[in-house]
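The values are calculated or read from the model by the stated rules, or taken from the named source; none is laboratory data. As the structure is a computational prediction, the values presented were derived from the model and not from experiment. With ideal geometry, Cβ positions are generated from the backbone for all residues, glycine too; neighbour counts draw on all protein chains shown.
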Amino acid sequence: MAGGNPQVQALDLRCEVPGWASLQQEAFNKLGFAPDRTMKVAQKLYEGVDIKGEMKGLITYMRTDSYNVSEQIQKQAREFIKKNYGDDYCPEKPPVYAKKVKGAQEAHEAIHPTDVNLAPDAIKSYVSPDEHKLYELIWKKFISSQMESAVFDQLSVEITDETSKSVFKTGGRTLKFDGYLKIYSDAQDDKKEEDDDEEAILPPMSEGDEVEAIDFDVKSHSTTPPPNYNEASLIKTLENHGIGRPSTYATIITTVINRGYIKKDKSRKMLITDLGRRVTEKLIEFFPDIMSLSYTADIEDKLDDVADGKVDWVELLDKFYSSFRVQLDKASANMKNEKIIQHTNVKCPICASDMILRESRYGKYLTCSKFPKCRGKTNLGSDSAERFKAIKTTERCDKCKDGYMVLRKGPKNYFMGCSNFPRCRNTRQVSEKELEKILPKEEDKKDNR
């Protein structure tokens, strides 16, 4: 087989200055920090830490996506790069980054260290592990943004057989100069498999080179549904659709989690709950405009126009409420009050009634169907089969006289309660000696099954 005319294209990649949205995404992907964790740690770095008896702020104001960088800090960064990495890694002119986000807080600078010469290792003993990790990420990303671009050769090749009837295409790239990659790699952790061919390393090739076909490997690809969001990919989507602002992303995610609309699995993927699904369905049904992505982004743009003095805020709110009031009145009159109830065949440990499966941000749990008359509750762990079953004893209830005392397990401790609950609400604490007498017998029963 013969190689066709290889197409070589020079590719320059530059590292952007840190912005609040991108910092939250990279802190999640590289450090495993949730957005609210990143916000708290960054706030501490901004407010300052005690270094040799002096409070020193380590980074600039962080809730901004401004790309502005002062001449003073750029000069300091260029001197640092030349001194530590050589003149080849310092561009001839300081890089300038265009405004990327509409409504970005241009009054602030991009996020960067207050002192470039204060390297991460120099402050490690004065900060917490989380603070050191985030400072190192900010420091490396900023220094990289002031360095030369990484240079690649992008190669596209066509390979044909002798008859030129079969054509195979491939591509790849080779690194010619590492540039900012010398200290920082901003490769996406969620890169798709189909992009792998573009990243392949190819040997030098010329037109007419003979290529030997050693083997053919046919791979089948099936269509898969889009993956679930994690916190980083959700922030990226919010940013792409113009929903929210970098300073509100963490709050948005924390709110929907705390209200039980979504939950995170062990792989940190975000899954919608039954409550979240029903709330979304109701909002789409009665407030379709507000739930539209374009509507939300449009409101954000108009709020920016208010901030810029281009739109009168009173007129904007009046226009919004005139239509919203109609939808709200319609929802108040027609939206049914629904509760997500899932009955189970599990019996209440207190009154033996059926229990109901519920879900909160802390996980799933069972409550008695007789609530509030009975407040029986069981938290479900990863193995619900390990739930404690009440044990009936031969002790008579000293209050109602005809019931028997039953060993039950509450959220914290064991206790004895009357078998005639809720008619009789007699309870008492149980001693360790009593537990030793009752529980081993129950374990022996399990062994003999």
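Close contacts from the stretch 317-340, counting a first residue that is within 16 Å of Arg278 (Cβ to Cβ) and a second that is part of a helix (DSSP H, G or I) and at pLDDT below 90, with Cβ to Cβ under 6 Å and a gap of 6+ residues or different chains, come to Ile340/Asp274; Ile340/Leu275.
Any residue at all in the stretch 238-246 that is modelled with pLDDT of 85 or more and not assigned by TED's automatic domain parsing to the domain that holds Asn29? Yes - at least one qualifying residue is present in the stretch 238-246.
Looking across the stretch 423-449, just one residue is more than 47 Å from the chain's Cα centre (by Cα), modelled with pLDDT under 80 and not in a helix (DSSP H, G or I), and that is Asn448. Taken together, Tyr180, Tyr184, Tyr135 contain a single residue that is in contact with a helix residue (DSSP H, G or I) (Cβ under 8 Å, 6 or more places away or on another chain), assigned to a loop (DSSP other than H, G, I, E, B) and not acidic (Asp, Glu), which is Tyr184. Within the option set Lys364, Lys339, Lys310, being among the basic types (Lys, Arg), more than 24 Å from Leu407 (Cβ to Cβ) and either at pLDDT 85 or above or in contact with a His (Cβ under 9 Å, 6 or more places away or on another chain) (or both) holds for one residue only, Lys310. If you take the residues in the stretch 306-334 that are β-branched (Val, Ile, Thr) and either over 13 Å from Phe287 (Cα atoms) or in contact with a helix residue (DSSP H, G or I) (Cβ under 6 Å, 6 or more places away or on another chain) (or both), which one is surrounded by the fewest Cβ atoms within 10 Å (Cβ to Cβ)? Here the residue is Val314.
Restricting the stretch 388-417 to residues that are touching a residue at least 40 places away in the same chain (Cβ under 8 Å) and under 41 Å from the mean Cα position of the chain (by Cα), the residue that is surrounded by the most Cβ atoms within 10 Å (Cβ to Cβ) is Arg408. A single member of Val306, Val256, Val311 is within 26 Å of Gly19 (Cβ to Cβ), in contact with a strand residue (DSSP E or B) (Cβ under 7 Å, 6 or more places away or on another chain) and β-branched (Val, Ile, Thr), and it is Val256. In the set (1) outside any loop (DSSP other than H, G, I, E, B); (2) polar (S, T, N, Q); (3) within 30 Å of Lys364 (Cβ to Cβ), Asn337 fails one condition alone, (1).
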